1. Which residue is nearest to ligand 2 (Cβ to nearest atom), if the candidates are limited to segment 111-144 and must be open to solvent by less than 50 Å² (accessible area, probe 1.4 Å) and hydroxyl-bearing (S, T, Y)?
2. For residues that are open to solvent by less than 10 Å² (accessible area, probe 1.4 Å), of a type in the set (A, V, I, L, M) and in contact with a Gly (Cβ under 8 Å, 6 or more places away or on another chain), tally how many sit in segment 177-186.
3. Residue under question is G43, and the condition is that it be surrounded by 19 or more Cβ atoms within 10 Å (Cβ to Cβ), within 16 Å of ligand 1 (Cβ to nearest atom) and modelled with pLDDT of 95 or more; does it hold?
4. When the residues of segment 145-154 are narrowed to those that are of a type outside the set (V, I, T) and buried (at least 24 other Cβ atoms within 10 Å of the Cβ), which ends up farthest from ligand 2 (Cβ to nearest atom)?
5. Return the residues of segment 194-205 that are open to solvent by 50 Å² or more (accessible area, probe 1.4 Å) and closer than 18 Å to K339 by Cα; say none if nothing qualifies.
6. Starting from residues that are assigned to a loop (DSSP other than H, G, I, E, B) and within 16 Å of ligand 1 (Cβ to nearest atom), keep the ones in segment 99-110 and report whichever is surrounded by the fewest Cβ atoms within 10 Å (Cβ to Cβ).
7. Among the residues of segment 61-77 satisfying the criterion of being more than 22 Å from T299 (Cα to Cα) and part of a loop (DSSP other than H, G, I, E, B), which is farthest from ligand 1 (Cβ to nearest atom)?
8. Could you list, in sequence order, the residues of segment 204-221 that are under 13 Å from V177 (Cα atoms), in contact (Cβ under 8 Å) with a residue 40 or more places away in the chain and in a helix (DSSP H, G or I)?
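The values are calculated or read from the model by the stated rules, or taken from the named source; none is laboratory data. Predicted model, so just to flag it, every value in this text is computed and none were measured. Here the Cβ positions follow ideal geometry from the backbone for every residue, glycine too, while neighbour counts run over all protein chains shown. Accessible surface areas use protein heavy atoms only, side chains included; no ligands, DNA or RNA. Shrake-Rupley method; radii C 1.70, N 1.55, O 1.52, S 1.80 Å.
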Amino acid sequence: MYHIVKALVYDGPGKKQLADRPQPALIHATDAVVRITRTTICGTDLHILKGDVPTVAPGRILGHEGIGVVDEVGTGVSRFHQGDRVLISCITACGKCDYCRRGMPSHCEQGGWILGNTIDGTQAEFVRIPFADTSLYLVPENADEDAMVMLSDILPTGYECGVLNGAVKPGDTVAIVGAGPIGLAALLTTQFFAPANLIVIDLDDNRLAVAKQFGATAVVNSSAGKAAETIMALTGGKGVDVAMEAVGIAATFGLCQDIIGAGGHIANIGVHGTSATLHLEKLWSKNITITTRLVDAVTTPLLLKTVMAGRLKPARLVTHHFPLSDILKAYDTFGNAAKESALKIILTNK
Ligand SMILES: NC(=O)c1ccc[n+]([C@@H]2O[C@H](COP(=O)([O-])OP(=O)(O)OC[C@H]3O[C@@H](n4cnc5c(N)ncnc54)[C@H](O)[C@@H]3O)[C@@H](O)[C@H]2O)c1
Ligand SMILES: [Zn+2]
Ligand SMILES: [Zn+2]
């Protein structure tokens, strides 16, 4: 018996609505249908609404993060059962293709980042999850549900695309450009490796204040256009060992190039909708490495353990709660993050 459910639907650049949709059903034997209990909005959803992500067609239900309760499983699902509380990974993994077996499920031949992109996503009362056995995690007993939502995307993204690709080492000077949820997730997980200096750059003083509470040793507001000079002065003219780009615009990728020191790593995290200039005329002799990555979410088990052990406290990123039925209001709040002092917004579906 299928019902009509509420879902946040993308209607083309700049347009979205809370619409009625049929409850998703199983399509393949390896699918599960999950009743969403908590979901959230990502900076990537704002990029989609700007028209930066052309793979998202009008009519798509957005959202690639959340937790829920398994409602139904296909005959090919063996690890999950109706009633299980599950964490939904933003990356769907078939577990069998060449990319999955190489540890790069972001490029899974039948999965990858498809939720809220090429198939309907989690900003809805129900969602269909393909390859459920290899794309869901059991939520442990006593888990903080808000913290679990941070494991769908932002913690693995900050850690894999920023910290691991940036090859952060003890004693490093690390700059993180962008103090949104992703930049702050990178800030929290960078500290696994005991860097000496952690410089966070943003335009929003509130987010910079949060960065200080989360362990930044220096913060720089780049709105005056002097961030590169300030960071070069802070590093005695040497530049930083690791520069993470966590915004997704050409200017901030440019700033990473301006501040990178010899032998450094520029780790791009941001989703870019337009081209950015690569200054090889300045960088060719600097022995640097530039990395890009779509999150693979292969570190979710490790991050889940650190959260459950209390060593990582990502629920600190949650600033607002709304019922799922108020998701349009939640988008307004997240879209005006500076004015609203917003980081992660949890949407609850009772
Ligand atoms: N690579 C991946 O797999 C992956 C996964 C998830 C998200 N992302 C991307 O990571 C980026 C960050 O995501 P988020 O959720 O934190 O987004 P967000 O929009 O909440 O945060 C971006 C931050 O950048 C700051 N900013 C904007 N312009 C700036 C400038 N000129 N100088 C300095 N700071 C500036 C904003 O004030 C904001 O705090 C986005 O581009 C998102 O799409 C990438
Ligand atoms: Zn995301
Ligand atoms: Zn695969």
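1. T122
2. 4
3. no
4. M148
5. L203, D205
6. Within segment 99-110, the first condition is being assigned to a loop (DSSP other than H, G, I, E, B), and the residues that meet it are 102-104, 108-110.
From the residues that got through so far, the ones that are within 16 Å of ligand 1 (Cβ to nearest atom) too are 103-104, 108.
Numbers: G103: 9, M104: 18, C108: 26.
Only one residue tops the list, namely G103.
7. My answer is T75.
8. R207 - this is the single residue of segment 204-221 that is under 13 Å from V177 (Cα atoms), in contact (Cβ under 8 Å) with a residue 40 or more places away in the chain and in a helix (DSSP H, G or I).
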